[in-house]
Ligand SMILES: [Zn+2]
């Protein structure tokens, strides 16, 4: 059995020193959050092309993209929902609204629940920016987190709220990472840098204020840092989160330019929801893939992670080297066909399979 794991390299992060997945304690297989990094969790590599037929590797990002980008909008901003939705449709991107729940239906910019139900229907996301932006002194910080999650989930049934953006401004000192970690799998923090892929702090994900500098070529906020290794090595393959507030029409040009840039580098950037990127990254950080069967017509893999399966159900992209005589492959997991595409690299074929960790053996068949 051939093991491949980013996690094995990161055993120290968990302080356990364990050497195989099977010796992980049951409670450590249901983590709510990956603990803060005390060292790099894995080396930052270029795309990996497994060497022998049947070898598998969990891609750093979905679809083997080089970097991840999330676009988030704070403080409800009801008047601008239509513009963002239009951009989403035009470019094929999905965005995350972090909303202040007690502004909805009240304050001018707060908007209506129907608007937020509609954006979720269109594939975007609505997550927590607390109940009152921490201005209500009667609510303690745990209430702000817990109640906002509950209120959004009540108004948008079937829609999970698992992430929060910490409010800035005068009350920002009230934010509490430990309290937030009880309710959320990740939080958007307040420092403005590109997140390093191998030492992310999931309860304080850094975010660039996109208001004026969403992709500023030649500066620290340049999206190119994530896809060109020759620049700042530690930012290569990182996660670029941008956040917006009241984006006035006269300040939109640079945002459109950034979308054009991302679109023209579609093979290299994954533009996703904040919640999805947070799930993917933590599943990946703790994932272990092993080849169980390698026969002429079938490959079987086990794919596990250490995250709580009731929340973390986002598929990881697993790259599998195919035998030379396979033209194509079909993949399945848990009695269902799953997405599988085939890529070629230096004359060899590789399947990119979208599989959920801990959701059953992954099978590939010659096609
Ligand atoms: Zn805010």
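Laboratory data are not the source of any read-out in this text; all were calculated from the coordinates shown. In this text the structure is predicted, and so the values were computed from the model without any measurement. All Cβ positions, glycine included, derive from the backbone under ideal geometry; neighbour counts span all protein chains shown.
The table below lists the values:
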| item | result |
| --- | --- |
| Separation between Cα centres of segment 66-91 and segment 294-339, rounded to whole Å | 32 |
| Convex hull (Cα only) mean projected area of segment 127-166, reported in nm² to one decimal | 2.5 |
| Among 38-46, 283-291, the order from most to least packed when residues are scored by Cβ within 10 Å on average | 283-291, 38-46 |
| Relative contact order computed over the chain (Cα-Cα under 8 Å; 6+ residues apart), in percent | 23 |
| Packing-based order for 115-126, 50-61, 133-144, using average beta carbon neighbours within 10 Å, highest first | 50-61, 115-126, 133-144 |
| Rel. contact order, % - alpha carbon contacts under 8 angstrom, at least six apart, segment 268-367 | 30 |
| DSSP-defined antiparallel bridges as percent of all bridges, segment 65-277, nearest 5 | 5 |
| On Cα atoms only, tilt of 81-91 relative to the major axis of the chain in degrees | 30 |
| P(r) tail fraction, the chain - alpha-carbon pairs more than 35 Å apart, % | 25 |
| Angle in degrees between helix 141-155 and the longest Cα principal axis of the chain, rounded to the nearest 10 | 80 |
| Cα centroid separation - segment 142-200 against segment 95-123, whole Å | 16 |
| Kirkwood hydrodynamic radius (C-alpha pairs) into Stokes-Einstein, segment 65-277, 25 °C and 0.890 mPa s, D in µm²/s | 142 |
| Between helix 253-264 and the chain: long-axis angle, C-alpha atoms, 0 to 90°, nearest 10 | 10 |
